[in-house]
Structures are given as structure tokens and as C-alpha cells.
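For reference, the structure is listed below as C-alpha cells.
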Amino acid sequence: TDIYDPVWSVLDRVLFGYYRHESGALLTISAASIDSGDGNTNDAVYNYVRTRKNRGVKLMAIKGANDLDAEITRAPKPIDLNSTSKAANKYGLQVWIVGVNKTKNLIAGRMRLAGNGAGRIHFYSSIRQDYFDQMCGESKIPSRRSRGKMVWTKKSGARVEAWDCMVYATHAARTQKLHLKQP
């Protein structure tokens, strides 16, 4: 994806739009995590995040951590450097590191909870069936590289976009400290 791809205009409409709650209140998006870790689109993601700063939504370029014990949200790594001192530019782009394994463990645990109450995940009744297929597109299996530790591994041929989006939304919610808010 390049910086002129129409997908960025569509994303603008989604991220900076207004959404009506069933109570009638207007809602906006407060934060969004955008994956920049595939090696092909990172420059376009960086450009998008840089050019939409201070528009009311906390936009974050993110990359998944390979470390199995990485926290869900880790302090961002500065990308833009000051041209004179080569130190990190205080107002430059930062890439947030997401502890993908811990995030998936958290989500999987919450999906197992039944009933109502804190920590449970609720889905609306008209959700597409392939959403659940994508949420189940990975399983935890022992890793050959990590001394048998259990790691999330994509099933052959499975699509996991919904699963990835849930991980990114969890990261964005954690950066907003929603898990610390009281009812």
C-alpha cells in the first residue's frame, strides 16, 4: 500500500467519523493501532500516522513483539531522529510494541467466560459467521524454537484478520487505560 492508496481516505472516514449510540449520544473513536510490522507497508503507515497527528484520535503505528513474555503495551520506540544530534525527536513518530502472545492469551481467556459482568466479550447478534472462523484461526501449540513453550500459531489456510483486529483494539484500549476505569 502506498501513501496515495484510496484506503487511507476510507480509513479517515472511519477513524474521524461520528457514531450514534442507541441512547442517541454521538460517539467518536479515541485511539487506533495500525499494524506497521509487515515490512511492506510500514512507510505508508508511518506517513498516515504522522500526517494525522492532533486530530483528536490517538493514532499509533504498532509492531508485534516476538518475545513471548512481552507485555501487552510497551513504551513506544522513537523512529524519527533529530537531524543534528541523532537523538529521538521529542515530537516525532513512535512505534508501539505489542505483546501479541499475552494479548491473545487475555482475549482467549475472556472469550471462555460465560454470562454477564466485567471482562466478558459480547458480540452483536448479526455478526458475520466468518468473524468467528477468523477468531479461531490460530491455536496454541508447543514451539520448537522456544523450548516447548506454548505459542499462538496460525492454522493452515486460515484467515485471522478479526483476531488481529481484536489484538490491536485491545492494545489501543490499554494505551487509553480503559482497563483501569471504574463503572
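Going through 153, 170 one at a time, which residue ends up being open to solvent by less than 80 Å² (accessible area, probe 1.4 Å), touching a Ser or Thr at 6+ places or on another chain (Cβ under 8 Å), of a type in the set (Ser, Thr, Tyr) and farther than 20 Å from residue 120 by Cβ?
Step by step, each of 153, 170 is checked, and only 153 is open to solvent by less than 80 Å² (accessible area, probe 1.4 Å), touching a Ser or Thr at 6+ places or on another chain (Cβ under 8 Å), of a type in the set (Ser, Thr, Tyr) and farther than 20 Å from residue 120 by Cβ.
Which members of the range 124-183 meet the condition of being in a helix (DSSP H, G or I), among the polar types (S, T, N, Q) and closer than 25 Å to residue 69 by Cα?
Those that are in a helix (DSSP H, G or I), among the polar types (S, T, N, Q) and closer than 25 Å to residue 69 by Cα: 134, 170, 175.
Report yes if residue 12 is acidic (Asp, Glu) and in contact (Cβ under 8 Å) with a residue 40 or more places away in the chain, otherwise no.
yes
Report, by residue number, each residue of the range 108-118 that is open to solvent by less than 70 Å² (accessible area, probe 1.4 Å), modelled with pLDDT of 85 or more and in a loop (DSSP other than H, G, I, E, B).
115
Mind checking which strands (runs of 3 or more DSSP E) fall wholly inside the range 1-79 and carry at least 3 residues that are modelled with pLDDT of 90 or more and either open to solvent by 50 Å² or more (accessible area, probe 1.4 Å) or at negative phi (or both)?
Fully inside the range 1-79 and qualifying: 31-35, 58-64.
Report whether or not residue 121 is more than 24 Å from residue 37 (Cβ to Cβ), open to solvent by less than 70 Å² (accessible area, probe 1.4 Å), over 19 Å from the mean Cα position of the chain (by Cα) and not small (Gly, Ala, Ser).
Against the criterion (more than 24 Å from residue 37 (Cβ to Cβ), open to solvent by less than 70 Å² (accessible area, probe 1.4 Å), over 19 Å from the mean Cα position of the chain (by Cα) and not small (Gly, Ala, Ser)), residue 121 does not qualify.
Restricting the first residue to the range 166-177 and requiring it to be in contact (Cβ under 8 Å) with a residue 12 or more places away in the chain and closer than 13 Å to residue 63 by Cα, which pairs with a second residue that is open to solvent by 50 Å² or more (accessible area, probe 1.4 Å) and not basic (Lys, Arg) meet a Cβ separation below 9 Å and a spacing of at least six or different chains?
From residues that are in contact (Cβ under 8 Å) with a residue 12 or more places away in the chain and closer than 13 Å to residue 63 by Cα, the pairs are 168/35; 172/30; 172/178.
The values are calculated or read from the model by the stated rules, or taken from the named source; none is laboratory data. Since this is a predicted model, take the numbers as computed values, not measurements. Note that we place each Cβ from the backbone using ideal geometry, even for glycine, and neighbour counts take in every protein chain shown. Ligands, DNA and RNA are excluded from the accessible area calculation, which covers all protein heavy atoms including side chains. Shrake-Rupley method; radii C 1.70, N 1.55, O 1.52, S 1.80 Å.
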